[in-house]
1. For region 55-74, check the following and say yes or no: at least one residue is in a helix (DSSP H, G or I), at pLDDT 85 or above and either of a type in the set (S, T, N, Q) or touching a strand residue (DSSP E or B) at 6+ places or on another chain (Cβ under 9 Å) (or both).
2. Quick check on this structure: which one of ILE84, ILE78, ILE65 is crowded, with 17+ Cβ neighbours inside 10 Å and of a type outside the set (Gly, Ala, Ser)?
3. State which residue is nearest to MET107 (Cα to Cα) when the search covers only region 28-44 and only residues that are of a type outside the set (A, V, I, L, M, F, W, C) and surrounded by 13 or more Cβ atoms within 10 Å (Cβ to Cβ).
4. Does region 34-64 hold any residues that are polar (S, T, N, Q) and under 17 Å from the mean Cα position of the chain (by Cα), and which are they?
5. If PHE52 meets every condition in (1) under 18 Å from TYR123 (Cβ atoms); (2) touching a residue at least 12 places away in the same chain (Cβ under 8 Å) apart from one, which number is that one?
6. State the number of residues belonging to region 1-29 that are in contact (Cβ under 8 Å) with a residue 40 or more places away in the chain, part of a helix (DSSP H, G or I) and polar (S, T, N, Q).
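The values are calculated or read from the model by the stated rules, or taken from the named source; none is laboratory data. Computed from a prediction, not measured in an experiment: that's the story for all the values here. Quick reminder, even Gly has a Cβ in these numbers, built from the backbone with ideal geometry, and neighbours come from all protein chains shown.
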Amino acid sequence: MEKINLENVIKSFFLGLFIGVIVQLLNHTNVRIEHKVLMVLASGSIGFIIGFISEWLTSILPISIANARMYFFINNLIALVVTILIMVSLLLITSTETVNREEYIPMLLIVLGIICIANLVDYLMYRRAQRKLETFKARIKDK
């Protein structure tokens, strides 16, 4: 448990909130605002769960694959698989109409795309921070 990166779990919560807002903006059905807010909060909670599961699974990986690129790739893969499992199980639990299932696929693809983009941005920010750290170390070493 001590190896779990709680910062990433909290980022996943806010990413879930963001995804919930995007899905509500794309959904043009007449739903009361209270229900939309509850859906966004539920999306944030699901994001928190996905983040926790992803970080937990990533933390039990062997240290031999501990380069940054592989870590971010595996973390993204785990997040995508967990998201698919949760969203498909929610679909199976809440809906029996085939019309809803056909409308669900584009939303699932949007969510997975947002997750991939968020993980890519997280990796690029990590790389940028590492380059700045190297530059800072070089400046200190020169002085």
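1. No.
2. Working: ILE84 fails: crowded, with 17+ Cβ neighbours inside 10 Å; ILE65 fails: crowded, with 17+ Cβ neighbours inside 10 Å.
Result: ILE78 is the single residue among ILE84, ILE78, ILE65 that is crowded, with 17+ Cβ neighbours inside 10 Å and of a type outside the set (Gly, Ala, Ser).
3. First, pick out the residues of region 28-44 that are of a type outside the set (A, V, I, L, M, F, W, C): 28-30, 32, 34-36, 43-44.
Now drop any that are not surrounded by 13 or more Cβ atoms within 10 Å (Cβ to Cβ), which leaves 36, 43-44.
Working: LYS36: 16, SER43: 13, GLY44: 16 Å.
Filtering region 28-44 for residues that are of a type outside the set (A, V, I, L, M, F, W, C) and surrounded by 13 or more Cβ atoms within 10 Å (Cβ to Cβ), the one nearest to MET107 (Cα to Cα) comes out as SER43.
4. First, the residues of region 34-64 that are polar (S, T, N, Q): 43, 45, 54, 58-59, 64.
SER43, SER45, SER54, THR58, SER59 - these are the residues of region 34-64 that are polar (S, T, N, Q) and under 17 Å from the mean Cα position of the chain (by Cα).
5. Failed condition: (1).
6. 2
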